[in-house]
């Protein structure tokens, strides 16, 4: 690669990093934020609602248990539980995390 081509490659690479790095970093930070819900009752009531939703919606993908994210959210909402950054039920703290698919 000649020197002008190498310089152009470097500038394009730096531009791509300036564009994509903040976007990817933002997504990672959102993914790392604590997941909280708010709703009626006690932690046990919340755990029961989650178990009922998971049991009703569970399927498999690549041999692993999974649920659809939209159906999961709808099920919890129907039981009175909504995502709320200030909610009293912290899923990670309570060790109640699940994986869902779109």
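Some observations on this one:
- Taking 81, 86, 54 and counting other C-beta atoms within 10 Å, the order from fewest to most: 86, 54, 81
- Alpha-carbon geometry of region 34-102: the Rg and the Dmax are 11.7, 36 Å, given in that order.
Throughout, read-outs are computed from the coordinates displayed, never taken from laboratory work. Please read these numbers as outputs of a predicted model, since none were measured by experiment. Note: ideal-geometry Cβ built from the backbone for every residue, glycine included; neighbour counts use all protein chains shown.
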